[in-house]
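Q: Provided herewith is a single structure, encoded as structure tokens, for subsequent inquiry.
The values are calculated or read from the model by the stated rules, or taken from the named source; none is laboratory data. The shown structure was predicted, so the numbers you read here are calculated from the model rather than taken from an experiment. Ideal geometry is used to build each Cβ from the backbone, glycine not excepted, and the neighbour counts take in all protein chains shown.
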Amino acid sequence: MAASTKNILIFGATGLIGEHITKAILDKKENFGRIGIFTSETTLKTKPEQIGHLESQGVEIITGDITSEDAVKDAYNGFDTVVSCVGRPAIHHQLKLIELADHHPGIKRFFPSEYGTDIEYSPASADEKPHQQKLKVRALLKTVKDLQYAYVVTGPFGDAGGLYLSARPPQDEAGGTFDVKRKRAVLLGDGEGRISLTTMRDVGKLVAAALLHPEATKNKALHVNSFTSTPKQIVAEFEKQTGGEKWDVDFTPLDKLKELEQKAWAANDPKAGTVTLRRIWTEGGTLYDQRDNGLIGMEHNVDSLQDAVKQAIEVQAKSS
Ligand SMILES: NC(=O)c1ccc[n+]([C@@H]2O[C@H](COP(=O)([O-])OP(=O)(O)OC[C@H]3O[C@@H](n4cnc5c(N)ncnc54)[C@H](OP(=O)(O)O)[C@@H]3O)[C@@H](O)[C@H]2O)c1
């Protein structure tokens with residue numbers, strides 16, 4: 001039987017995706033009991049408005065050091081589910097969070113910080129450098145005794161602001177760009193390979209829906225998304241929504257992407273992991289025979305390509 005997912009403790013709630021996940025859980029708060037966040041003293045000081053807003057909506061704010069066993073064990077009391085949205089530099093801290101959750105009498109389910117590319121997509125995934133920390137987390141979750149889990153696998157975020165639908169500066173264009181101001185796009189691959197994207201607001205809604213369907217999501221990698229499209233279809237939608245004029249379109253073929261990837265790793269470039277992920281997406285690593293949205297009642301209630309492009313145009317307009 002699936003464990004109850006009523007009382008939710010969120011780690012990383014004020015981060016890029018954590019904010020959307022926390023908002024979506026709060027939007028459905030009538031279905032949950034306690035909703036709490038575990039955050040650091042530093043965040044309490046640096047993000048007072050965000051924390052105050054959460055508090056005003058009834059969220060319990062628990063502060064502590066994510067590496068302190070006692071702080072985490074205390075924080076777990078009264079909750080049954082942990083939703084982790086910690087950033088990449090903190091992925092390894094989840095190993096201790098999981099061990100403590102497995103031994104805690106109250107915590108019954110753990111959602112590790114995933115929200116991206118499936119790190120067990122194919123046998124080749126085991127050797128992909130950006131996957132290594134998250135693979136250790138999945139390996140541990142396969143050995144736990146008294147803890148269920150779910151991996152929410154969303155593919156790349158279909159948003160602007162540094163994500164798939166962003167305008168990038170000319171020197172970074174090889175990583176792909178949809179630049180509304182310059183009406184210019186650089187498409188990954190030949191522009192015809194399909195890719196599944198999920199907007200961040202949908203990631204939040206999909207996690208909340210997964211929490212509300214404990215049986216269907218028990219010990220499962222959920223392959224969910226907003227829509228599947230191709231880079232050429234995406235640029236056509238940008239053209240349509242920006243007055244119909246043709247954009248200047250260029251390409252970064254897969255071979256070029258692989259070359260950039262090798263150079264980035266050789267140079268210890270902090271962006272190397274991102275280049276690898278882009279290569280994986282271009283090779284089709286976000287595509288499945290069937291998506292799992294229907295398992296959690298989210299087959300229709302997600303953003304379309306049109307919605308995502310509209311939002312990306314608005315975000316780019318605000319930042320330029
Ligand atoms: N699919 C995509 O396109 C995509 C894009 C970006 C990220 N992601 C994935 O989404 C997940 C969350 O990433 P994010 O970008 O949302 O994270 P983020 O904004 O960088 O950080 C999220 C939170 O992690 C917490 N944290 C605790 N200890 C930390 C430490 N030592 N270093 C950094 N953060 C720490 C912080 O929460 P407190 O301040 O509350 O302590 C922070 O706000 C990751 O698994 C990442 O791979 C996917």
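Q: If you check every pair at least six apart or on different chains, which have Cβ atoms under 6 Å apart with a residue in the stretch 182-203 that is more than 30 Å from A13 (Cβ to Cβ) first and a residue that is crowded, with 22+ Cβ neighbours inside 10 Å and at pLDDT below 95 second?
A: Partner pairs satisfying both residue conditions: V186/G176; L188/G176.
Q: Collect the residues in the stretch 107-147 that are more than 30 Å from D269 (Cβ to Cβ) and in contact (Cβ under 8 Å) with a residue 40 or more places away in the chain, keeping them in residue-number order.
A: Within the stretch 107-147, I107, K108, R109, F111, L141, V144, K145, D146, L147 meet the criteria.
Q: Sticking with this one: Kindly provide the set of residues from the stretch 215-229 that are surrounded by 17 or more Cβ atoms within 10 Å (Cβ to Cβ), outside any strand (DSSP E or B) and out of contact with any strand residue (DSSP E or B) (no Cβ under 6 Å at 6 or more places or on another chain), ordered by number.
A: A216, V224
Q: Which of the strands (runs of 3 or more DSSP E) found entirely inside the stretch 72-177 contain at least 2 residues meeting this: more than 16 Å from the ligand (Cβ to nearest atom) and aromatic (F, W, Y)?
A: Strands (runs of 3 or more DSSP E) meeting the threshold: none at all.
Q: Looking at (1) in a helix (DSSP H, G or I); (2) buried (at least 17 other Cβ atoms within 10 Å of the Cβ), which is the only condition Q262 fails?
A: (2)
Q: Only one residue in T67, T14, T43 is within 15 Å of the ligand (Cβ to nearest atom), modelled with pLDDT of 95 or more, in a loop (DSSP other than H, G, I, E, B) and under 29 Å from G158 (Cα atoms). Which one?
A: On the way: T67 fails: under 29 Å from G158 (Cα atoms); T43 fails: in a loop (DSSP other than H, G, I, E, B).
From the options T67, T14, T43, the qualifying one is T14.
Q: With respect to the numbered conditions (1) at positive phi; (2) in contact with a Gly (Cβ under 6 Å, 6 or more places away or on another chain), which one is the sole condition not fulfilled by Y121?
A: All conditions are met except number (1).
Q: While we're on this one: Checking Q171 against (1) within 21 Å of E114 (Cβ to Cβ); (2) of a type in the set (S, T, N, Q); (3) over 19 Å from the mean Cα position of the chain (by Cα); (4) surrounded by fewer than 18 Cβ atoms within 10 Å (Cβ to Cβ), which test does it fail?
A: (1)
Q: Turning to a different aspect of this structure: Can you find, within the stretch 17-39, the residue that is farthest from the ligand (Cβ to nearest atom) among those that are of a type in the set (A, V, I, L, M, F, W, C) and touching a residue at least 60 places away in the same chain (Cβ under 8 Å)?
A: If we take residues in the stretch 17-39 being of a type in the set (A, V, I, L, M, F, W, C) and touching a residue at least 60 places away in the same chain (Cβ under 8 Å), then F32 is farthest from the ligand (Cβ to nearest atom).
Q: Continuing with this model, one more query. Give the residue that is farthest from the chain's Cα centre (by Cα), with candidates limited to residues of the stretch 291-320 that are of a type in the set (S, T, N, Q) and either within 23 Å of A174 (Cα to Cα) or at pLDDT 95 or above (or both).
A: Taking the candidates together, the pick is S320.
Q: Of all residues in the stretch 217-227, which are of a type in the set (A, V, I, L, M, F, W, C) and within 18 Å of L141 (Cβ to Cβ)?
A: Across the stretch 217-227, the qualifying residues are A221, L222.
Q: Do any residues in the stretch 40-63 that are under 19 Å from V86 (Cβ atoms) have Cβ atoms under 7 Å from those of residues that are in a loop (DSSP other than H, G, I, E, B) and away from the ligand (no atom under 13 Å from the Cβ), where the two are at least six apart or on different chains, and which pairs are they?
A: What qualifies is E60/R34.
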